[in-house]
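The values are calculated or read from the model by the stated rules, or taken from the named source; none is laboratory data. Bear in mind that the values here come from a model prediction, so they are computed numbers and not experimental data. Here the Cβ is made from the backbone with ideal geometry for all residues, glycine too, and neighbour counts use every protein chain on show. These area figures cover heavy atoms from the full protein model, side chains too; ligands, DNA and RNA do not enter into them. Shrake-Rupley method; radii C 1.70, N 1.55, O 1.52, S 1.80 Å.
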Amino acid sequence: MRKKLIAGNWKMNMTPSEGIALIGTLKDLVKNDEVDVCYCVPAIDIVPAVEATKGTNVAIGAQNLYFEEKGAYTGEISASMLVDAGVKYVIMGHSERRGYFFETNEDINKKAKKALEHGLTPIMCCGESLEQRQQGLTISWIREQIKVGFEGISAEDAVKIVIAYEPIWAIGTGVTATSEQAEEVCADIRKYLAELYDAKTADTIRILYGGSMNAANAAELLAMADIDGGLIGGASLKTDFGKIVNYNK
Ligand code: PEP
């Protein structure tokens, strides 16, 4: 039985003091032992966010890491820095990073390996553009992202990765994939993971949906057989996030 993960992606929002205030506001609203909860916060918010969530059910995630161990990479953050700061999850391959910062499938594979080496849980994002969907390319595009993203990763490590299926046309647009559209792709990702690895590995890996998930549509999306949680942008900055975490209450 896969435990659901509800992960907030604050993106480039929330100064450290605003972040602490938000964590305080959400503290009692996000209690639900049946799901894992995390906030993926901007790098500068990590240390205060870890402090502010101590003793709660909320883990802190980062939104990026660099795949080298350490050294002359000005502006980058390493896996060991994240671990030392108390981070548990790290997003990689978000479509905003792929689009604005030219992150490739190969970069994401290296980031996943580095995160795993340090005991961090990668939240590996994939997703198609509207144009690709309209051209019928969704499944082949996502399979390629998964294939390269997981290349050289053993089954033992693969089960530690969380995948987030995020159709680009649904991110921040207010347009949510229907539960059938989201399930179709998440189910295919699982089928493909079974081909790459085996059925047991595929059944263990958590696959999230992301793209305008909110308090009104979460329960329906999260009821789908292959959707094991959500990666939530806009709604993670509001009290709505508490309603998503408690979608089953
Ligand atoms: C995201 O940032 O991954 C995301 C899904 O954003 P939103 O929920 O705002 O669409």
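Packing order of peptides 95-104, 198-207, highest average first: 198-207, 95-104 (average count of other Cβ atoms within 10 Å over each peptide's residues). Between amide H atoms placed 1.01 Å from N, distances below 5 Å from residue 58 occur with no residue 5 or more places distant or on a separate chain. Separation of region 1-18 and region 189-229, taken as the distance between their Cα centroids, equals 18 angstrom.
Under the rule a/c < 1.5 gives rounded, and otherwise a/b versus b/c splits prolate from oblate, where does region 131-185 land using the Cα gyration tensor? Intermediate values should be presented prior to the final figure.
On the way: a/c = 2.55, a/b = 1.77, b/c = 1.44.
Since a/c reaches 1.5 and a/b is larger than b/c, the shape of region 131-185 is classed as prolate.
What full-extension length gain, to one decimal in nm, is calculated for residue 181 and residue 3 as 0.36 nm per residue of separation minus the Cα-Cα distance? Display every interim value, and only then the final one.
Values: separation 178, 0.36 × 178 = 64.08 nm, distance 2.18 nm.
Working it through step by step, the gained length comes to 61.9 nm.
Full extension of the chain between residue 73 and residue 195 gives 40.2 nm of extra length, using 0.36 nm per residue less the Cα-Cα distance. For the residues 129, 80, 154, a GNM of the chain with alpha-carbon springs under 10 Å puts the largest fluctuation on 154.
How far is it, in nm, from the label point at residue 203 to the one at residue 83 when both lie 7 Å from their Cα along the line to the Cβ? Inter-label distance under the simple model: 3.1 nm.
Want the number for residue 117 to residue 25: 0.36 nm per residue separation, take away the alpha-carbon distance, what's left? Can you show the working numbers first?
Values: separation 92, 0.36 × 92 = 33.12 nm, distance 3.43 nm.
Value of the extension gain: 29.7 nm.
Within the shell defined by Cβ-Cβ distances under 13 Å, the residues around residue 20 carry a net charge of -1, with Lys and Arg each +1 and Asp and Glu each -1. Comparing 88, 54, 147 in a Gaussian network model of the chain where C-alpha atoms under 10 Å apart are linked, the largest mean-square fluctuation is found at 54.
If R0 is 45 Å, what FRET efficiency do you get for residue 220 and residue 104 from their C-beta distance, rounded to 0.05? Please report the intermediate quantities before stating the final value.
Numbers: r = 34 Å, r/R0 = 0.75.
About 0.85, to the nearest 0.05.
Ignoring ligands, DNA and RNA, what accessible area per residue does the chain give at 1.4 Å, in Å²? Could the numbers behind the result be given before it?
Values: 11240 Å² over 249 residues.
On a per-residue basis, 45 Å².
Helical content alone sets the calculated 222 nm signal of the chain at -11000 deg cm²/dmol, taking -39,500 (n - 2.57) per DSSP H segment of four or more residues and averaging over every residue. Accessible area of residue 240 (1.4 Å probe, protein heavy atoms only, ligands and nucleic acids ignored): about 40 Å².
Taking a point 7 Å out from the Cα of residue 173 in the direction of its Cβ, the residues of region 210-226 whose backbone N falls within less than 20 Å of it are 210-218, 221-222.
Which residue, 136, 229, 24, tops the fluctuation ranking in a GNM of the chain built on C-alpha contacts under 10 Å? Top of the fluctuation ranking is 136.
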